[in-house]
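This report concerns only the one structure given below.
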Amino acid sequence: MHFIVNGLQHDLLLDTRMSLLDMLRERLALTGTKKGCNQGACGACTVLVEGERINACLALAVQYENRPITTIEGLGDAEELHALQRAFIAHDGFQCGYCTPGQICSAIGMAREAARGVPSAVTTDLVMEEVELSHDELRERMSGNLCRCGAHNGIVEAIQATFVREDAA
Amino acid sequence: MIEFGYARAGSADEAVRLAAGQGAARYLGGGTNLVDLMREEIEAPGFLVDVTALPREICETPDGGLLIGAAVKNTALAEHRLVRERYPALSRAILSGASGQIRNMASVGGNLMQRTRCFYFYDDAARCNKRSPGAGCDAIDGFNRIHAVFGASPACVATHPSDMCVALAALDAVVHIEGAGGKRTVPFEKFHRLPGGRPQVETTLSPGELITAVELPPLTLAAQSTYRKVRDRASYAFALVSIAAALEVRDGKVHDLRLALGGVAHKPWRAWKAEEALRGAPAAEAGFLAAAEAELADAAPLRDNAFKVELARRLIVTTLSGLAQGDAA
């Protein structure tokens, strides 16, 4: 099976039962993507496929052959952090950090959805042309990512600082 | 998870052929429910036919409705301009379900095929007629606050978990199906089954049949429709009770309406009795309440879920009142 992860090509022999999450962690040693609940409830495993956020734990790897996959390792590194990673530090968007890679991948996918006008359950005007990422909108759109440390307020601030305010971090 | 074979289909015909050549084959969409159930070994298909590469088109039909390919992702359907304008209840229903990640994975066909979230169905230490036909049901006398108040049977009190399907039931959708014997269509109302004595059979699909599309008929009043959902937390939770409603008022009277409830039965519950009671009646709160009572007279709550009847009553009245006052969508 052929995979494209963070711009690199990989040919792997995999059991059809292997999830995309286990493939990334166990076969490619990309352990930034985390296994939390392994049933789609917590969002710790969120990665981007063709720019769209998905839960890697519910994805069979075989379904994601030949499609560009981006994990937290593909967004930034210790030398050059992604703007959202810098904002998470500036706004205390984490304590233990376990949910953080999923939060960051999810927020990047979420921002793309909002930019193309995808409404949410709390959007008042369904036919609006532009999404305003208010506090309530961000909380709703990020509800698929849990933080058991309770850093949600910092997470919302970091995302707002990066994708909403002019003075982005 | 048991071992399984896997093949990717490029067309509906190919998918049906691939599945026919295998014993216990299942069609695989986004996998958000099936993969989880396979991991729990509640589902154990020997072969998966991946249908995510089938066409993902949403097209207008000649009569002004919409034909939605079964492989269309939930997000793509919810954000589609014509769905937002003409069938806002459907957009709202989809957006109130699951999370952003799951809506990006999940397909329209898969949404119809979702299985119940009954705790006892998932718990292999519990008895469940749906998981092991004939084993008995631990939900009937168990913790059953999330369970059905309509149409249940002594064999099963589970509910259907979908939000999208409640809107499709209200909007007179039609399911397009293809199997080895050819193509056919089924009114949405007849797609899902009540449990009866065979709760393991949840739809009227024959073995090997594939959902290829869902069609929305042109429905003018659907532009004045909405979806409301009551749940244990504000986001990312299944419905306790939900409602999809469309209402057209003329000269102070209910000219036409569509009403369906979620979270209350083994299938999306089209509220035929409420609709009948209200058609032609004054569009006022007393009438909405009478319509709710007409529907809820049949409710048969269990030990823990009588609150759903009161919730449904309030949801029907407040949702219709809101639509009558013009706060559509």
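The values are calculated or read from the model by the stated rules, or taken from the named source; none is laboratory data. Worth saying up front: this structure is predicted, and the values here are computed from it rather than measured. Cβ sites come from the backbone with ideal geometry, for glycine too, and all protein chains shown count toward neighbours.
Observations, loosely collected:
- Looking only at segment B:82-112, residues that are hydrophobic (A, V, I, L, M, F, W, C), outside any helix (DSSP H, G or I) and out of contact with any Gly (no Cβ under 8 Å at 6 or more places or on another chain) come to 0 in all.
- Restricting the first member to segment B:1-12 and to residues that are at the interface with chain A (Cβ under 8 Å from one of its Cβ atoms), and the second to residues that are outside any loop (DSSP other than H, G, I, E, B) and among the basic types (Lys, Arg), the beta-carbon pairs closer than 8 Å and six or more apart or on different chains are B:1/B:39.
- Residue within segment A:34-54 that is more than 28 Å from residue B:117 (Cβ to Cβ), surrounded by fewer than 20 Cβ atoms within 10 Å (Cβ to Cβ) and within 13 Å of the chain's Cα centre (by Cα) present: yes
- Here residue B:49 clears all of (1) in a helix (DSSP H, G or I); (2) more than 8 Å from chain A (Cβ to nearest Cβ); (3) surrounded by 23 or more Cβ atoms within 10 Å (Cβ to Cβ) except the condition numbered (1).
- Selection from segment B:163-176 of residues that are buried (at least 24 other Cβ atoms within 10 Å of the Cβ) and of a type in the set (A, V, I, L, M, F, W, C): B:164, B:165, B:166, B:167, B:168, B:169, B:170, B:171, B:173, B:175
- No other residue among B:310, B:295 is farther than 13 Å from residue B:151 by Cβ and assigned to a helix (DSSP H, G or I) apart from B:310.
Results for (1) closer than 27 Å to residue A:4 by Cα; (2) under 10 Å from the mean Cα position of the chain (by Cα), shown as yes or no for each residue.
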residue	(1), (2)
A:77	yes, no
A:82	yes, no
A:86	yes, no
A:89	no, no
A:92	no, no
A:102	yes, yes
A:108	yes, yes
A:116	yes, no
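- Residue among A:51, A:40 that alone is within 19 Å of residue A:141 (Cβ to Cβ) and touching a Leu at 6+ places or on another chain (Cβ under 9 Å): A:40
- Residue within segment B:114-123 that is part of a helix (DSSP H, G or I) and either among the hydrophobic types (A, V, I, L, M, F, W, C) or in the same structural domain as residue B:239 (by TED's automatic domain parsing) (or both) present: yes
- Of all the listed residues (B:96, B:107, B:153, B:91), the sole one being over 18 Å from residue B:244 (Cβ atoms) and within 14 Å of another protein chain (Cβ to nearest Cβ) is B:107.
- Boolean, residue B:81 is touching a Pro at 6+ places or on another chain (Cβ under 6 Å) and within 13 Å of chain A (Cβ to nearest Cβ): no
- Exactly one residue out of B:241, B:249 is at pLDDT 95 or above and over 25 Å from residue B:151 (Cβ atoms): that is B:249.
- Answer from A:36, A:40 - the residue that is touching a Ser or Thr at 6+ places or on another chain (Cβ under 9 Å) and at pLDDT 95 or above: A:40
- Residue match in segment B:128-145 (condition: away from chain A (no Cβ under 14 Å), in a helix (DSSP H, G or I), on the phi < 0 side of the Ramachandran plot and buried (at least 22 other Cβ atoms within 10 Å of the Cβ)): no
- The number of residues in segment B:173-192 being assigned to a strand (DSSP E or B), within 17 Å of residue B:67 (Cα to Cα) and of a type outside the set (A, V, I, L, M) comes to 6.
Condition check ((1) of a type in the set (Lys, Arg); (2) touching a Lys or Arg at 6+ places or on another chain (Cβ under 9 Å); (3) surrounded by fewer than 20 Cβ atoms within 10 Å (Cβ to Cβ)) across all residues:
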position: A:79; (1), (2), (3): no, no, yes
position: A:83; (1), (2), (3): no, no, yes
position: A:92; (1), (2), (3): no, no, yes
position: A:102; (1), (2), (3): no, yes, no
position: A:108; (1), (2), (3): no, yes, no
position: A:130; (1), (2), (3): no, no, yes
position: A:135; (1), (2), (3): no, no, yes
position: A:138; (1), (2), (3): no, no, no
position: A:143; (1), (2), (3): no, yes, no
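- One residue stands out among those in segment A:30-82 that are more than 12 Å from chain B (Cβ to nearest Cβ) and not in a loop (DSSP other than H, G, I, E, B): the one that is farthest from residue A:148 (Cα to Cα), which is A:68.
- In segment B:211-221, of all residues being surrounded by fewer than 24 Cβ atoms within 10 Å (Cβ to Cβ) and among the aliphatic types (A, V, I, L, M), the one that is farthest from residue B:176 (Cα to Cα) corresponds to B:221.
- Residue match in segment B:221-236 (condition: without any contact (Cβ under 8 Å) to a residue 40 or more places away in the chain and not in a loop (DSSP other than H, G, I, E, B)): yes
- Out of A:100, A:124, A:70, sole residue that is among the β-branched types (Val, Ile, Thr) and free of Cβ contacts under 8 Å to residues at least 12 places away in the same chain: A:124
- Filtering segment B:8-27 to residues that are under 10 Å from residue B:50 (Cα atoms) and surrounded by fewer than 17 Cβ atoms within 10 Å (Cβ to Cβ) leaves only B:10.
- Each residue in segment B:34-46 was checked for being part of a helix (DSSP H, G or I), of a type in the set (Val, Ile, Thr) and either away from every other protein chain (no Cβ under 11 Å) or surrounded by fewer than 20 Cβ atoms within 10 Å (Cβ to Cβ) (or both), and 0 pass.
- Residue B:31 being within 23 Å of the chain's Cα centre (by Cα), more than 25 Å from residue B:185 (Cβ to Cβ) and assigned to a loop (DSSP other than H, G, I, E, B): yes
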